Amino acid sequence: MEVHLSHSLQGEAAAREGERLIRACVHCGFCLPACPTYQLLGDELDSPRGRIYLIKEVLEGRGGVIARAHLDRCLLCRACERACPSGVEYGRLVATTRGLLAAQSPRGPRDRLLRWLIRTIVPYPARFSRVVAVARWIRPVLPASLAAKLPTPPPAALPPVLHPHRRRMLLVPGCAQSVLSPATHLSLARVCDRLGIEPIFSPGSGCCGALFHHLGSEEAALRQIRRNIDLWWPELQAGAEALLIPASACALMVREYPDLLARDPAYADRARRIADAVKDPADLLLSEGLRLPIAPPGRAIAIHCPCTQQPGAVEALFRKLGIPLVPQPDSPACCGAAGAYALLQPRLSNQLRARKASALEAGAPAEILTANIGCQIHLASGSQLRVRHWIELIDECQTQAGASHGVPTRGEANGHGREACPAVQT
Ligand code: SF4
Ligand code: SF4
């Protein structure tokens with residue numbers, strides 16, 4: 001796509017980068033059928049090609065409220081990137097040019113306030129958990145849409161008993177998941193223990209940076225990313241083999257740290273090595289977990305693969321473990337959660353959720369499993385079925401089969417006793 005940068009933007013690095021990225025688009029439209037908002041609204045301006053055209057307008061100095069409205073409706077799911085034969089880096093294009101659009105079309109006070117509240121509360125687990133506790137208390141007077149997003153607190157559970165092992169992996173629970181679904185990383189910790197891997201919880205880990213990034217707060221995102229690197233790097237240096245991140249959106253964000261810090265000589269190398277160390281829990285179990293005994297559930301389950309998850313990995317694991325899945329022909333890809341999208345674009349988000357939930361429920365599954373906290377909370381608020389992270393079911397099935405750690409542990413060798421999971425002590 002041809003772009004003629006406006007005179008005032010010719011000195012801006014972001015504008016030149018946007019111009020370079022946009023040139024890869026050849027207008028073919030192959031991306032249109034993959035786009036959830038185009039499927040729903042049928043408007044070219046709510047398609048990837050239409051949005052790229054609107055970004056071209058921004059680069060030519062003509063961005064305005066129309067461009068903002070259609071770009072705000074984008075989920076940043078990147079289904080268009082996967083469908084594009086020309087390799088257009090749509091996600092990077094949006095991230096690069098967002099600041100230019102903000103300058104041409106500033107947001108109104110209500111929008112700014114909502115975004116400020118989200119980025120001031122959600123990325124900070126201590127703050128977020130206090131707000132969630134208050135919200136649960138006043139649930140009866142909350143708007144129904146907000147009340148539905150509050151998961152019921154799980155029954156108090158005994159902390160998992162873990163063992164020290166020679167092998168260690170850093171477990172990163174993330175901000176929203178550690179508050180809304182702590183059972184997820186505790187299950188992952190137990191599964192690691194059975195595999196002979198000691199899970200390390202890095203105290204002080206918060207948001208991966210994705211929430212700031214999605215809200216267009218690039219400086220705050222970079223501050224948080226550098227803070228995470230400072231926290232995680234010593235663990236990798238001390239021998240942690242990998243970073244296990246149960247939330248697929250957070251894992252994808254950490255894999256993008258090298259791109260985001262490419263121009264920061266102090267962090268670029270560590271960012272690359274941290275991104276290389278990210279391991280999907282499904283890949284860990286596919287390569288090492290099939291030997292553990294498991295008692296498959298009696299009923300089939302439905303799996304929702306988030307847009308940020310490697311397609312098919314969790315399904316392949318479940319098939320190999322003999323856990324039955326309900327078929328999902330013609331299931332739409334995106335559930336409409338998309339980070340803060342469910343709060344910022346509730347109407348569209350709920351329409352996408354309704355389509356996805358009805359496809360997931362069509363085969364009458366016993367429950368719905370997913371790999372990302374945003375999808376989990378969003379789908380749970382629109383389905384009668386239980387929705388949780390898939391690792392929780394694996395943990396449950398292993399427990400029922402009596403799986404225990406089968407590898408000699410450092411603690412046993414040293415005569416040390418059992419240790420409680422550090423995540424529960426925070
Ligand atoms: S598929 Fe790629 S090249 Fe074709 S219109 Fe979409 S973004 Fe442009
Ligand atoms: S990121 Fe998703 S919602 Fe946005 S244009 Fe691409 S396919 Fe459509």
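Separation of segment 184-212 from segment 73-91 is 30 Å, based on Cα centroids. If the chain linking Ala295 and Glu241 were pulled fully straight, counting 0.36 nm for each residue of separation and taking away their Cα-Cα distance, it would gain 16.6 nm.
Under conditions of 37 °C and 0.692 mPa s, segment 294-401 yields 235 µm² s⁻¹ as its translational diffusion coefficient, taking Rh as the Kirkwood radius over Cα pairs in the Stokes-Einstein equation. The order of the peptides 273-282, 218-227, 166-175 by mean Cβ neighbours within 10 Å, most packed first, is 166-175, 273-282, 218-227. Once you sort the root eigenvalues of the Cα gyration tensor of segment 83-229 as a ≥ b ≥ c, which label holds: rounded (a/c under 1.5), prolate (a/b larger than b/c) or oblate (the other case)? Since a/c reaches 1.5 but b/c is at least a/b, the shape of segment 83-229 is classed as oblate.
With contributions of -39500 (n - 2.57) from each DSSP H run of at least four residues, the per-residue ellipticity at 222 nm computed over the chain stands at -14500 deg cm²/dmol.
A 1.4 Å probe run over segment 1-148, with the rest of the protein chains in place, finds 52 Å² accessible per residue. Its relative contact order, with pairs defined as Cα atoms under 8 Å and 6+ residues apart, puts segment 294-401 at 34 percent. Among Gly339, Gly11, Gly196, whose mean-square fluctuation peaks in a Gaussian network model of the chain (Cα, cutoff 10 Å)? Most flexible of the set in this elastic network: Gly11.
Using the Cβ-Cβ distance between Leu231 and Asp43 with R0 = 45 Å, the FRET efficiency computed as 1/(1 + (r/R0)^6) comes to roughly 0.55. Computed from phi, the 3J(HN,Hα) profile of segment 250-266 under the Karplus parametrisation 6.51, -1.76, 1.60 (θ = phi - 60°) reads 5, 4, 5, 4, 5, 5, 8, 3, x, 5, 6, 10, 4, 9, 10, x, 6 Hz, with x in place of Gly and Pro. The largest accessible area among Ile373, Ile294 belongs to the first residue in Ile294, Ile373, and the rest follow in falling order (1.4 Å probe, all chains). Ligands, DNA and RNA left out, the accessible area of the chain computed with a 1.4 Å probe is 56% carbon and sulfur.
The mean sequence distance of close C-alpha pairs (under 8 Å, at least 6 residues apart), as a share of the length of the chain, puts its relative contact order at 16 percent.
Straight-line reach from Lys320: taking Cα to Cα under 28 Å and skipping same-chain neighbours fewer than 8 places apart, the lysines in range are Lys279, Lys356.
With contacts taken as Cα pairs under 8 Å and at least 6 residues apart, segment 7-104 reaches a relative contact order of 37 percent. Structure remark: mean-square fluctuation, Gaussian network model of the chain, C-alpha springs under 10 Å; the largest value among Val326, Val134, Val58 belongs to Val134.
Helix 90-104 axis versus longest C-alpha principal axis of the chain: approximately 50°, rounded to the nearest ten. Each peptide among 45-53, 249-257 gets the average number of other Cβ atoms lying within 10 Å of its residues, and from highest to lowest they stand as 249-257, 45-53. Between Phe201, Phe128, Phe30, where does the largest GNM mean-square fluctuation fall for the chain, given springs only between Cα atoms within less than 10 Å? The residue with the greatest mean-square fluctuation here is Phe30. Entry comment: accessible area of segment 189-246 is 32 Å² per residue, from protein heavy atoms only and a probe of 1.4 Å. For segment 294-401, the solvent-accessible area of protein heavy atoms averages 38 Å² per residue (probe radius 1.4 Å; ligands and nucleic acids excluded).
The values are calculated or read from the model by the stated rules, or taken from the named source; none is laboratory data. This structure is a prediction, so every number in the text was calculated from the model and none was measured. Cβ: placed from backbone, ideal geometry, glycine included. Neighbour counts: every protein chain shown. Quick note on the areas: whole protein, heavy atoms, side chains included, nothing else; ligands and nucleic acids left out. Shrake-Rupley method; radii C 1.70, N 1.55, O 1.52, S 1.80 Å.
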